Structures are given as C-alpha cells and as structure tokens.
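The values are calculated or read from the model by the stated rules, or taken from the named source; none is laboratory data. Since the model is a prediction, treat every value here as computed from it, not as a measurement. Here the Cβ positions follow ideal geometry from the backbone for every residue, glycine too, while neighbour counts run over all protein chains shown.
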C-alpha cells in the first residue's frame with residue numbers, strides 16, 4: 001500500500017497537524033495579549049514546528065506499534081485515547097515557552113489552567129482506554145513519555161521561580177533523561193521496546209510530584225522552608241535509588257533474549 005494511501009498515516013498527520021495549528025493560534029493570541037517580543041514568537045514557531053515534525057516522523061516510523069495490547073489488532077487510525085495522549089505531548093512547546101515567559105510577563109493566569117488541563121488529560125486517556133478496551137502498545141509508550149515530559153516541565157517551571165535548588169533540578173533532569181536513553185539503547189541493541197515501568201519508577205514519579213506540592217506552598221507559607229529542605233533531601237535519595245533501579249532493570253533486559261516484534 002502506498003504511504004499516502006495508508007489511513008493510519010493520514011490519521012497521524014491530521015491529528016498532529018490539527019494540534020499544531022490550534023496550539024500555534026493559541027500562542028499567537030498569548031503573544032498579542034502579553035506583548036511577547038517577535039523574536040520570542042519566532043523561536044517558539046521554530047521549536048514547535050520541529051517538535052511536531054519529529055512527532056509525526058516517530059509515529060509514522062513506528063506505526064506498527066498502533067495495535068491493541070489484548071487482541072494484537074492493528075489500528076487503521078489514531079484512536080481516542082491516543083489522541084488525548086498526543087494532545088498532552090504536543091502541548092509541550094506551548095507550556096515550555098509560557099514557563100519561560102513568566103520571568104518577564106504575567107502569564108500565570110493562563111499557564112496554571114493549561115497545566116491543570118494537561119494533568120486532567122493524563123487521567124482521561126487512561127480511563128477511556130480502559131472502558132473502551134483500546135489500550136495500545138503505542139499508547140503505553142506515549143503515556144509514559146507524556147508523564148516524564150510533564151514532570152520535566154514542572155521542574156523547569158519551579159526552577160524558573162527559584163523554588164528548586166540547582167543541584168536537585170539537575171538530578172531530576174538526569175533521572176528523566178536516563179529512562180528514555182536506556183529504552184533507545186535497548187531497542188537498538190536488542191530490538192526490544194517495553195514501556196512498562198518498574199515499581200521504583202512509579203515511586204520516583206510520585207515522590208517528585210509530592211515534592212512539587214510543598215515547594216509551591218512555600219510561596220504562601222515561608223515557615224515551611226526548613227521542611228521543604230528535608231523533603232528535597234528525601235526526594236534526592238529516592239531519585240538516586242531510582243537511577244540504580246533503572247540501571248539494573250535495563251542491564252537485565254539487555255542480557256535477555258531478543259524480543260518478538262510487536263504485534264506478532
């Protein structure tokens with residue numbers, strides 16, 4: 001079948017293209033309302049275009065991953081749950097540039113609701129995939145990637161607001177980069193891609209989200225600064241143990257047998 005006649009490829013282009021145009025228009029409105037400089041908007045335009053093109057390339061290159069996990073049935077279009085997950089991921093450039101804009105512009109009234117919306121989308125895609133029995137292999141990969149991107153964005157947000165110390169911010173970024181890097185190595189070397197997270201990974205994400213709450217409350221209640229320092233040390237210990245956990249996990253996978261191609 002010709003590539004341009006593949007209904008799944010067309011669905012991927014339409015889905016990502018729709019989000020790309022919509023998010024571009026939204027950010028253009030923010031540019032006018034908050035008087036972002038033209039250079040800032042142009043930089044956003046370049047980053048957004050590159051990010052979305054990479055997304056399309058990845059989704060089309062690995063379109064065989066669009067299959068129902070339980071039945072192994074391949075999809076001929078991007079299903080509803082995956083569309084919601086893709087919305088969360090494609091919002092990354094918008095959220096990132098709004099976070100960067102907080103240093104000179106009062107964008108918190110629109111940034112916070114958008115962050116909340118992306119959090120709700122994380123709940124919605126999982127719920128829909130379960131009730132419709134349309135949990136896909138690609139959806140698992142995208143959902144995990146979306147979680148890491150969201151935690152990374154919040155970490156950047158907190159660092160911009162100077163709520164996170166530099167050393168802890170770098171440790172969080174190291175942990176977020178380490179997982180996808182190991183997955184890529186695993187896929188290239190063993191042709192095996194397993195998006196399932198370890199217990200240590202789940203605890204790590206939960207600890208980071210738990211850290212973010214008191215750090216934000218410190219803006220209102222300065223008296224909990226000492227408590228936040230202890231929480232930061234605890235979170236750092238969890239992150240360190242998680243790096244070891246992930247390292248052991250991927251070493252075991254690298255030594256294991258080659259995987260059967262997805263969907264077979």
So, residue 146, is that one surrounded by fewer than 20 Cβ atoms within 10 Å (Cβ to Cβ) and either in contact with a helix residue (DSSP H, G or I) (Cβ under 6 Å, 6 or more places away or on another chain) or in a helix (DSSP H, G or I) (or both) or not? no
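Let's see how each residue does on (1) more than 30 Å from residue 161 (Cβ to Cβ); (2) in the same structural domain as residue 50 (by TED's automatic domain parsing); (3) modelled with pLDDT of 90 or more:
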{"site": "76", "(1), (2), (3)": "yes, yes, yes"}
{"site": "93", "(1), (2), (3)": "no, yes, yes"}
{"site": "107", "(1), (2), (3)": "no, yes, no"}
{"site": "111", "(1), (2), (3)": "no, yes, no"}
{"site": "120", "(1), (2), (3)": "no, yes, no"}
{"site": "127", "(1), (2), (3)": "yes, yes, no"}
Set 88, 77: member being surrounded by 14 or more Cβ atoms within 10 Å (Cβ to Cβ) and not in a helix (DSSP H, G or I): 77
For residue 100, state whether it is surrounded by 17 or more Cβ atoms within 10 Å (Cβ to Cβ), closer than 22 Å to residue 28 by Cα and in the same structural domain as residue 125 (by TED's automatic domain parsing). yes
Considering only residues that are outside any helix (DSSP H, G or I) and either without any contact (Cβ under 8 Å) to a residue 12 or more places away in the chain or in contact with a strand residue (DSSP E or B) (Cβ under 7 Å, 6 or more places away or on another chain) (or both), which ones fall in the stretch 149-191? 162
Filter the stretch 223-262 for residues that are part of a loop (DSSP other than H, G, I, E, B) and exposed (fewer than 15 other Cβ atoms within 10 Å of the Cβ); which is modelled with the highest pLDDT? 256
